Amino acid sequence: MNLKKEKQIRKHARKLMIDWLKTVVPEEEKAKITVDNIEDYIPNQTHVYGNMQLRISAYTVRWFTKRIKKLVRKGRKDLTTITVEEVINATY
């Protein structure tokens, strides 16, 4: 992928992560979540070690990015139409 597409994917991944996070937090916290302070709401640990393997933790920015890339490689032309449900249900 070229750099422009990568940048779009990372930007869209952060947007999708915010949308997902707003479904998890209480009502009074939803208005406080922005792109600038999203790091305050996610854990610092980005990887999990298990079964002799190091894997990316679920629902991190990198996890969303990998899932979006997978959908784009499968044939999705317009990545801005990818929703949180599609990313969560994407299979390998």
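A few remarks follow.
- Scan of region 71-92 for residues that are farther than 26 Å from residue 40 by Cβ and open to solvent by less than 50 Å² (accessible area, probe 1.4 Å), ordered by number: 71, 72, 75, 79, 90
- Flag if residue 6 is modelled with pLDDT under 90 and in a helix (DSSP H, G or I): no
- Failed condition for residue 41, given (1) surrounded by 13 or more Cβ atoms within 10 Å (Cβ to Cβ); (2) among the hydroxyl-bearing types (Ser, Thr, Tyr); (3) in contact (Cβ under 8 Å) with a residue 60 or more places away in the chain: (3)
- In region 63-87, the residues that are without any contact (Cβ under 8 Å) to a residue 60 or more places away in the chain and of a type in the set (A, V, I, L, M) reach residues that are in a helix (DSSP H, G or I) and crowded, with 17+ Cβ neighbours inside 10 Å with C-beta atoms within less than 7 angstrom, at least six apart or across chains, in these pairs: 68/9; 68/12; 68/13; 68/87.
The values are calculated or read from the model by the stated rules, or taken from the named source; none is laboratory data. Just so we're clear, the structure is a prediction, and the values are computed from it rather than from any experiment. Note that each Cβ is placed from the backbone with ideal geometry, even for glycine, and that neighbours are counted across all protein chains shown. Accessible surface is based on the protein model in full, side chains and every heavy atom, while ligands, DNA and RNA are left aside. Shrake-Rupley method; radii C 1.70, N 1.55, O 1.52, S 1.80 Å.
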